[in-house]
Structure formats: C-alpha cells, structure tokens
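Trainee: Here's a structure for you.
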Amino acid sequence: MVKAVVLGAAGGIGQPLSLLLKINPLITELGLYDIVNTPGVAADLSHIATPAKVAGYLPPDDGLKKVLTGAELVVIPAGVPRKPGMTRDQLFSINAGIVKSLATGIAEYAPKAFVLVISNPVNSTVPIVAEVFKKYEGVYDPKRIFGVTTLDVIRASTFVAESNGTPGASADVVVPVVGGHSGVTIVPLLSQSSPALETPSGETPDAFTSRVAALVKRIQFGGDEVVKAKDGAGSATLSMAYAGAEFASKLLRAINGEKGIVTPSFVALPDGGKALAEELKTLAVQANYNEELATLEYFSSNITLGPQGVDKIHPIGKVSDEEAKLVVAAVPELATNITTGVTYIAEAE
Ligand code: NAI
C-alpha cells in the first residue's frame, strides 16, 4: 500500500507524470496537488482502471495538508520551466520560493516520505529541501531526498544507442551520469557505457574523440534542444515525466525489497563529501588540474537503492582523461549552485 503524491500535478510534467504513476501497480493511492486544475486532472485519471485511487487538491481548505497526509513518496515538478531568454537567477528565485513552501508542507505533514525533486535548478533545489527539513526535529534524512537526474541518463542511453547504430536498443544501454543537473555539471561517463560506445571499422582515433565530445555536449545541453524546438512553450515535459516515473518505479521496487537497483541521483553525501573529495583529488591529477577544489556535500553518482532509500553511493570509478577534466571542471559551478540553495534558506530566516 503506497500513497504517492505529485506536487505541481497540473503542469506540463505533472500531468503525464501523474498518468504514468496512475498505471504503476505498486501505487494504491495517488494524490495530486497544484495551485490550479487538479480536480479535473484527477477526475480524468480516475476513469483509468488501475488500482491507484486518485484525488485532486488545491490550496484552499488545507489542500496541501490533506494531500500530503499519509504520503510515502512525494514527487515535486512544481515551478516554472525555463523559457528562451530567461536567466538562471530568474528561474531560481521563482522556483526556490515554491520548493521551500512545498518542502515546509512535507516536513509538517509527510516527514517520513521519500522526496523526489524535479523542479529546477536541481543542484540548488535539493539543498533547499534538505535545509528546510533540518529545521524540523527528526525530519532530515539524506537517504530520502533525491534530485531526479534520470532525464540525463535517459538522454545518454538514447544518444549512445543512436550513435552505435542501434536506436531500438536504447533501453539496454546504461551510461552513468555524474556531477549535477545543469549544463557543464552534467558529466556522462561514456567510457563506462555498457554496452560500450562502438568504434566502427575505419573510424580514426581523432574522429572517435570528436564523436565522443559531440555526444557529451548533446547530453549536457539536450534540454536546450527541446526549449528551442518548443519555441517559448516550455522545456522538456514528456521525456521528463517518463524519467520521473522511471525513477519513482525503481525506488518503489527497492522499497518493496528488490535488491541491486542502481541508478544515478543527485543526493547529499553522508560523510559531508570526504570520500568524493579524495576521489576528486585523484581525478584532478589525471586532468592536470592544479587549482584547489571545493568540497561538495551533494553530488550525483550511481547509487544503490534500498528499503530506506539511498543504500550505497558508488564512487565515480575509472574514467578517461577527458572525463576527468569534465568532472573537475564541474566542481566550481556545482559548489556555487549548492551554496546558493543553502544560503537561500539561511537568509529566509
Ligand atoms: P509547468 O509550468 O508546465 O508546470 C508547473 C506546475 O507547477 C504548474 O501547473 C503550476 O501551476 C504549478 N505550481 C506553481 N507553483 C506551485 C505551488 N506553489 N504549488 C504547487 N504547484 C505549483 O512547468 P513544467 O514544464 O512542468 O516544469 C516544472 C519544473 O520542472 C520546472 O522547474 C522545470 O525547470 C523542471 N524540469 C526539470 C527537469 C529535470 O530533469 N529535473 C527537466 C525538465 C523540467
């Protein structure tokens, strides 16, 4: 018996995500919350013959309290998407406020829930949720808060499969994506792709290197392709809904006792980032990088999911020299993004 809740359920991501959660057999109750339209979305979904009982809530009459009460899994796609010409700061200031208010509701009404953060910028909104939770006694548990980076992972699988000439096999391609969830902080580890990125006979090492570089760039900035093609109508919604539902499904399976489920996610590091800092030192040597690197308290890497949420955080592992450079280059921006989130809550006092 699992109650799942979508906060921002009437939006571009929220609606298809709610549909995909409605058809997940592991969910028995689905609560939909938004500032608009959730009664309609809920009525529509309620006609689908799957076990999940669905209900929609709006802010009046304690809607947030009602939807969150009893929730075990809360997914947050609430907020504004990126539009052409919008700066990151503009996006941050709107979404930070929304995520803060929703995190406050979760801390009060669903303090033991697993929280899946989709609202951007994920590198900052995950620390915001954590900092809000820390203000409530016994609520903060780093094992239960996840930044959903699955869309980067899905894009990596799709683009690598296409590049291998096997587009139909993208679901079988596994590429770890580490770092964070914006631009250069997204670091796909193509050298660890399984199956490997193929080198067609006749391809020179230089041509292979530039194909890898182009793939990395496409994965890092895949979101821009969609923003541009939608031409002012928003950012990725359908692929993001699929990605969010995929992550939720993996977590639900792990909560139900399935072992060995590994997927990347942007999470707080339980040791405060010490193990990562050691690994980054080695990568900095590999990358010939001589500057001092900040210690990161949050990072996206492969994690094993378990009944309590994060069971194990995997090291980055062996990477190519180019990838070492990308990981190291991501650190300053990640550090700034994380601090921005933490400071936002500290200053909101
Ligand atoms: P949208 O504008 O279509 O939907 C957002 C929804 O949030 C709207 O229905 C709105 O009414 C609702 N909302 C606003 N304030 C709220 C509040 N206080 N409480 C509850 N609901 C509230 O936007 P879209 O395209 O669905 O994107 C949502 C977020 O997801 C954006 O921040 C976007 O940047 C992010 N995103 C994240 C991705 C990822 O990979 N993690 C990928 C794509 C988008």
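Quick note: the coordinates plus some simple rules give every number you see, no bench work behind them. No experiment lies behind these values; they were computed from the predicted model shown. Heads up, the Cβs are rebuilt from the backbone with ideal geometry, glycines too, and the neighbour counts pull from every protein chain shown.
Trainee: Along the three principal axes, how long is the chain when you take its alpha carbons, biggest first, rounded to the nearest angstrom?
Mentor: Computed over the chain, the largest-to-smallest principal extents equal 63, 45, 44 Å.
Trainee: So, R0 is 35 Å and r is the distance between the beta-carbons of ASP62 and VAL262; what FRET efficiency does that work out to, to 0.05?
Mentor: FRET efficiency, ASP62 to VAL262: 0.35.
Trainee: Taking the Cα centroid of the stretch 189-266 and of the stretch 267-322, what is the distance between the two, rounded to the nearest whole Å?
Mentor: One Cα centre to the other: 19 Å.
Trainee: For ILE186, list long-range residues whose amide hydrogen, built 1.01 Å from N in the peptide plane, is under 5 Å from its own amide hydrogen.
Mentor: Amide H neighbours of ILE186, under 5 Å, 5+ apart: GLY180.
Trainee: Let me ask something additional. May I ask which of LYS22/LYS143; LYS112/LYS134; LYS83/LYS217; LYS22/LYS53; LYS83/LYS228; LYS112/LYS143 have a Cα-Cα span longer than 18 Å here?
Mentor: LYS22/LYS143; LYS83/LYS217
Trainee: I'd like the Karplus ³J(HN,Hα) series for the stretch 68-73: coefficients 6.51, -1.76, 1.60, θ = phi - 60°, whole numbers in Hz, and an x wherever there's a Gly or Pro.
Mentor: Karplus-based 3J(HN,Hα) across the stretch 68-73 equals 7, 4, x, 6, 9, 9 Hz.
Trainee: Scan around TYR57 for amide H atoms under 5 Å from its own, H built in the peptide plane at 1.01 Å from N, and keep only partners 5 or more places away or cross-chain.
Mentor: When sequence neighbours closer than 5 places are left aside, the close amide H contacts are LEU32, TYR33, ASP34.
Trainee: Now for a different question. Dipole of the chain, Cα-centred, from +1 at each Lys and Arg C-beta and -1 at each Asp and Glu C-beta, to the nearest 20 debye?
Mentor: 660
Trainee: Based on the Cβ-Cβ distance of VAL80 and ASN290, what FRET efficiency does E = 1/(1 + (r/R0)^6) give at R0 = 45 Å, to the nearest 0.05? Could you put the intermediate results ahead of the total?
Mentor: Details: r = 40 Å, r/R0 = 0.88.
That pair, VAL80 with ASN290, gives E of 0.70.
Trainee: If each DSSP helix of 4+ residues adds -39,500 (n - 2.57) and the sum is divided by the residues in the chain, what number results at 222 nm, nearest 500 deg cm²/dmol? Intermediate values should be presented prior to the final figure.
Mentor: On the way: 11 runs with 156 residues, N = 349.
Per the formula, -14500 deg cm²/dmol.
Trainee: Pick out, from VAL132, GLY105, HIS47, the residue whose Cα sits farthest towards the positive end of the charge dipole of the stretch 1-139, with +1 on the Cβ of Lys and Arg and -1 on the Cβ of Asp and Glu.
Mentor: VAL132
Trainee: Between ASN288, ASN37, ASN302, find the one with the highest GNM mean-square fluctuation for the chain; connect C-alpha pairs within less than 10 Å.
Mentor: Maximum among the listed residues: ASN288.
Trainee: Could you tell me which helices of the chain pass both thresholds, a Cα extent of 15 Å or more along their own axis and a mean Kyte-Doolittle hydropathy of at least -1.0, with helices taken as whole DSSP H runs?
Mentor: Values: long enough: 88-109 (30 Å, 0.30); 122-134 (18 Å, 0.92); 150-163 (19 Å, 0.61); 205-220 (22 Å, 0.12); 238-255 (25 Å, 0.80); 274-286 (19 Å, 0.15); 321-347 (40 Å, 0.42).
Result, helices passing both filters: 88-109, 122-134, 150-163, 205-220, 238-255, 274-286, 321-347.
Trainee: Let me ask something else about it. Using the basic label-point model (7 angstrom from Cα toward the beta carbon), what is the SER194 to LEU238 distance in nanometres?
Mentor: Label at SER194, label at LEU238, 3.1 nm between them.
Trainee: Still on this model: Ranked from highest to lowest mean number of other Cβ atoms within 10 Å per residue, what is the order of the peptides 196-205, 337-346? Numbers along the way, then the final one.
Mentor: Values: 196-205: 10.6, 337-346: 18.8.
Per-residue mean Cβ counts within 10 Å order the peptides as 337-346, 196-205.
Trainee: What's the ranking of 209-216, 186-193 by average number of surrounding C-beta atoms within 10 Å, highest first?
Mentor: Highest to lowest by the protection proxy: 186-193, 209-216.
Trainee: Working out 0.36 nm times the residue gap between LYS112 and LYS230, then minus their Cα-Cα distance, what length gain in nm do you get to one decimal? Intermediate values should be presented prior to the final figure.
Mentor: Details: separation 118, 0.36 × 118 = 42.48 nm, distance 3.76 nm.
Between LYS112 and LYS230, full extension yields an extra 38.7 nm.
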